[in-house]
1. Name every residue in segment B:274-296 that is in contact with a Gly (Cβ under 7 Å, 6 or more places away or on another chain) and among the aromatic types (Phe, Trp, Tyr), in order of residue number.
2. Output the number of residues of segment C:81-111 satisfying the condition of being modelled with pLDDT under 80 and crowded, with 17+ Cβ neighbours inside 10 Å.
3. Would you check if there is a residue in segment B:271-278 being away from chain C (no Cβ under 14 Å) and either assigned to a helix (DSSP H, G or I) or more than 30 Å from C:Thr438 (Cα to Cα) (or both)?
4. May I ask you to list the residues in segment C:325-373 that are closer than 30 Å to B:Thr330 by Cβ, at pLDDT 90 or above and more than 8 Å from chain B (Cβ to nearest Cβ)?
5. Given the conditions (1) closer than 30 Å to C:Ser130 by Cα; (2) more than 8 Å from every other protein chain (Cβ to nearest Cβ); (3) outside any helix (DSSP H, G or I), which single one is not true for A:Gln146?
6. With A:Ala178, A:Ala107, A:Ala98 as the choices, which residue is touching a Phe, Trp or Tyr at 6+ places or on another chain (Cβ under 8 Å), farther than 27 Å from B:Phe325 by Cα and of a type in the set (A, V, I, L, M)?
7. Please determine, by comparing only the residues of segment A:193-238 that are within 18 Å of A:Ile55 (Cβ to Cβ) and among the small types (Gly, Ala, Ser), which one is surrounded by the fewest Cβ atoms within 10 Å (Cβ to Cβ).
8. How do the pairs read when you match residues in segment A:188-212 that are facing chain C (nearest Cβ under 7 Å) with residues anywhere that are among the polar types (S, T, N, Q) and part of a helix (DSSP H, G or I), using Cβ under 7 Å and keeping only pairs 6 or more apart or on different chains?
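The values are calculated or read from the model by the stated rules, or taken from the named source; none is laboratory data. Note that the structure is a prediction, hence the values are computed from the model and not measured. Note: ideal-geometry Cβ built from the backbone for every residue, glycine included; neighbour counts use all protein chains shown.
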Amino acid sequence: MRRVRYFIRVQQLREISLLLILAAVIYFFGREIEDYYTARMYNRIATQVALIAVIAVGQTLVVLTRNIDLSVGSIVGFTAFYLGDQLSKNPNIDLETAVAIAVGVGATMGLVNGLIVAYGRVPSIVVTLGTLAIYRGLLVEYSGSQSIQFRQLPDWIKTLPSEVLYENFGLDLRPLPAIAIGVMLVFQVVLLYTIFGRRLYAIGSSPEAAELAGIPSRRMIMLAFVISGALSGLGGFMYLARIGTITTDAARGLELQVVAAVVVGGVNIFGGSGTVFGAFIGVILISTIELSLIRMQINEFWKDALLGAFIMVAVLIDTFIMGWLRALWSRTELRRASSVQKVQSI
Amino acid sequence: MKLLERYPWLRRWETLLFVILCAAVFINISLSEHYFNIDNLANIFHLSIEKAFVVLVMALVIINGEIDLSVASVMGLSASVLAYEFEKGASLESAISYAMLAGLACGLANGFFVAYLNIPSLVVTLAGLIAYRGAARILLEDRSVGNFPEWFTSFALDDVYVSIPTLLFVLVGLILIGTLVYQFTNLRQAVEEGAAFRFRKPGPVGLVLITVLAAVLVYMLALSSGAFEATTYVFAVLYLISLGILQFTNFGRYIYVIGNNRAGAEYAGLRVKQVKMTIFVMSALMAAFAGLMYAARVGNIRANAAEGFELDIITIVLLGGVSIFGGTGTMVGVGLSLLVVLNLRNGMSLRNINDNTRASVIGALLILSVLIPNWAQTIQRFLPRTLSGDNLTLDLENKEARESTETA
Amino acid sequence: MQSINLHVILCAINDFYFELAWIMDSLPQPVLQMHNISKSFGATVALSNVSMSLYPGEVHALVGENGAGKSTLIKIMTGIYQPDSGDIIINGNPTRLHSSAQAQAHGIAAIYQEPLVFPDLNIAENIFISHRRRGFLVNWGKMYRDAKKVLKRLDVDLDVRAQARGLPLAAQQTVEIAKAISMDVRVLIMDEPTASLSAHEVTQLFKIVRNLRAEGVAVLFISHRLEEVFEIADRITIFRDGELISSRPTHEVTREDAIRDMVGRPMGKVFQRQPSEVENVVLSVRDLSHRGKFEGISFDLHAGEVLGFAGLIGSGRTDIALATFGIEPAHDGQIYFDNKPVNIQSPRQAIKMRIAYLPEDRRQHGLVLPMSIAANITLPIMQDYANALGIVQNEKERQTAQDYREKLSIRTPSIDLPVRKLSGGNQQKVVLSKWLNTVPRVLILDEPTRGIDVGAKEEVHRLIDQLAKQGIAIMLISSDLPEVLAMSDRIVVIREGRQMGIFDRATADQEQIMGAAMGQLEMERDHA
């Protein structure tokens, strides 16, 4: 038991329970739906997860600092359109340049958010609610209300989503999920092993203490927004590759799914705790439920109501049950410590 | 600077808004010959009347130090409940009451989580924004429901022609009745307490309010010859009521006090939780009502009714000088900013500017309405004292800072 | 004039020895020297010409009443404040400290009563969060090992991977200490570190302090508990009213000396209240307890009486007041109002019973700063100023405010001014007006004269006297000992949440009360 407690911390507990819930959900749908465990279903879910997960990673960084970024949906829409437009004008742009364009445009938009939040001292909810509308407006102005058609795009991006990088047991790894997993792993490492990552936790955990400890909070918060924007730009690229046809309504409302996934994935909306991995599982959970509901043909319209309920439940668990668990944990921890001390003093 | 010192009201946010409003109207007039058209002026209100309703309560919510992001979803939900019940064959009257009940339920849920479980309203109402919209989707799926009875739609669509003399007559009558009721209740209290009764003159603030209101009314009346929809009149009445509640009643005072200093309010024995609960219920009920008005105006309802309206609503409130951190702002400012935003939107639509672009202008306005006061504060801190024209304040505040450091 | 000359001479002598020590290099050299430091805030002098030295391997205790200037001195040492005049000399080099980061770089770190940890990070991270030059990546294995090493140096057993959230205060403090020594601290300032620790935890802490001393760290230890000071310190320095009164090795000081040096303030300055006629009991409290805050509190409060509450900051006096006013209701015990048992669960109930509470923190809890004087005064009984429609009657409200402005001589150009613009004393009068307007029968005053100037202070004292004469029962909580002595009929002394006794004013003196508050003299309980 002591060994178990040594390896599993409260934080991990949340991720483990999420995995269990995910398993239960898959088991439930597997019983309800015929031919549920198929490669087709897996691929569908994987592509859907890929897009949301990349953006959720960026959102996680922002939420860790006690902020929120509601403009991600519009950034995805704009970059997808802008990139689609560039690609249809110059079909000889290659993959790397395309990704660089998307990430660059997204990062610029994130920079605007970050500057106003960190240095203008405007609450992030106000800023990003505003830029949500502004970036959408930019998209409409830029597009002149036209759409990007699938056939205008170069061939390489058309075939990109269905390429198979690796195949085993009838399940294949395609580029978009591979990107998502890569991004998730990279930022899991960034959060765990870099000074920048640990400072994000510190800022969200106690802004006052962060100030006293000499952490440049403003710069860190701005960076978090820039990364969120850049990853949304990458999301725009993936959106373009996956959907192909981009209207001015592209990715509208995506921000709500992303925020829901992040919160459900155990990232504390009040900052300071949570992991990219947790958010990733949150995305899988939400996408699985959504797509399975569609597959069940009962009522895909339950999705949003469930999302909202999920957020509330996650927040309630965070405020009440996790606090209680933590207290329990540290108490046993202390009892252990004091018993050790007694032994030593004897 | 001297001028500012002599007339402190010149420094008020409301004054700035009034100037912006005049500028907006002037630009609209010079850019489009249609602006002065009677139908257009009615349209200014007509096309956004639901938002205007919700703005009235949102101002109370934000002054109280909270935020309600779920209003647009509650509007959508109430419209969807109405449509769903109506589609099932219920009478419109019962459908309306179900819709209002749905709004009440949303308000109770929001209020309970915020006031009694102390979860930040931002989180609660963000979840509500998604969940209530989801509930609307469950009800209507992807159907569109319409064909409401005529009496219902006509309430929002048909102009009620009131001649200017009639309107003025009604207005004067209302003011007279209001004054009489006010004086009478004072009289009763005076008699109870054995104090002498005397007629109260309105204070300088009251006079300014009346002047501004009268100016706005005359502006609207003169330009439209009294041709507004019934909803516009309802709005006018609700505006006056909410202005009265916020500016003149003890409930309004509680809203300000709690928004300014929640702990202080608790120490003074105010029922903070009940006040917060009441405000969230009011907000959701008003949103539900606005949803019904939306249904009446648009005529057919889909589950995405009123989606994204929270942007405009919150922008109008913040632009009206209400601080996002709570505690400050007036109904006069909110009313002026409503006119500014509506005029801007109207002007842009006359110039055939795309709806999304209009929204992005509103978004920019939202950010600026918080950013500019922040900047102004920073600049004032760095200005030499003689320039800031507020010597007394600065001096006393410095002294205060010293004292607080002493005690620390 | 003479004393200043004397001071100059003393300083010159001090300088001389300092030079001598430097040249000879045989005497131990102080690691941190404060030289003729003065600091004032506006008209108030917080520190005047203070000189002291900290030597490596020495525990130096700093003792004084609240407001004696200890906190200011610490803030100057840690670079939060800059002195008006005087020098800070670190290892013989005059240095200017502009920020706490700079002080840290010089090896000066401070630990406060309320530790500032990051609750979501684990203990090892908390220890190393401020470290610069750790490179770009976090080497967790090395960090855990280093953290363990640091904790081992302190001889404590804490799981370095445990989250800081939920750790008891003592452990959080240990983490702060570990953070300080991991940064190669040479001067460790501990500001009342024991205030919220249990006896066992204090023993642990002292073990750590002794280890640090053995390693050659200079420890500046601030505490209100004299027995601790005598237990741990090598040298005791006493401050009073911003001046250094005495600084002697511990074995040359007796407890009585220390207390006398701390309180030795002329009594003549304070308004002397005549004892009042005691009427019937209004409020009586029996065995009131609040877990972790106070226990076994019992007293009777008579109409027309001023019952003083003496004790140190954090001794639980405010918590007793909060329990009586219903903000944090007590867990155990009974309150009787007019000899009837009552259960006060909210301030609203208390106000209905006509109990009023003037809070300790007037800006946070007493006032709504941006609102007008009139609005602040009428707040608790707003409903009485609204008519049947709920409309506030401004005339009536202004009349009330006008009355109090005259009665309490609140100095303001207008009652419509936001209270933010008033001075501290006038703000306090507004809070008083607010509660007097509820026509209280019991008035709880929590530090009513803190942070207000002498003139206003005397006005408040006269007002308290008047109110008692009118038959209001008053609980007066104050950390200003002469004030409590001058104003109260009887004095309850609270120490660490326990009632040390009720003293009659006729028989009590400053030393006695201070002794009881610091746990020095065991007095017989005098239940009136």
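1. B:Phe280
2. 1
3. yes
4. C:Ile373
5. So A:Gln146 meets the others, but not (1).
6. Exactly one of A:Ala178, A:Ala107, A:Ala98 is touching a Phe, Trp or Tyr at 6+ places or on another chain (Cβ under 8 Å), farther than 27 Å from B:Phe325 by Cα and of a type in the set (A, V, I, L, M), namely A:Ala98.
7. Going through the qualifying residues, I end up with A:Ala230.
8. Every condition considered, the pairs that remain are A:Leu212/C:Ser100.
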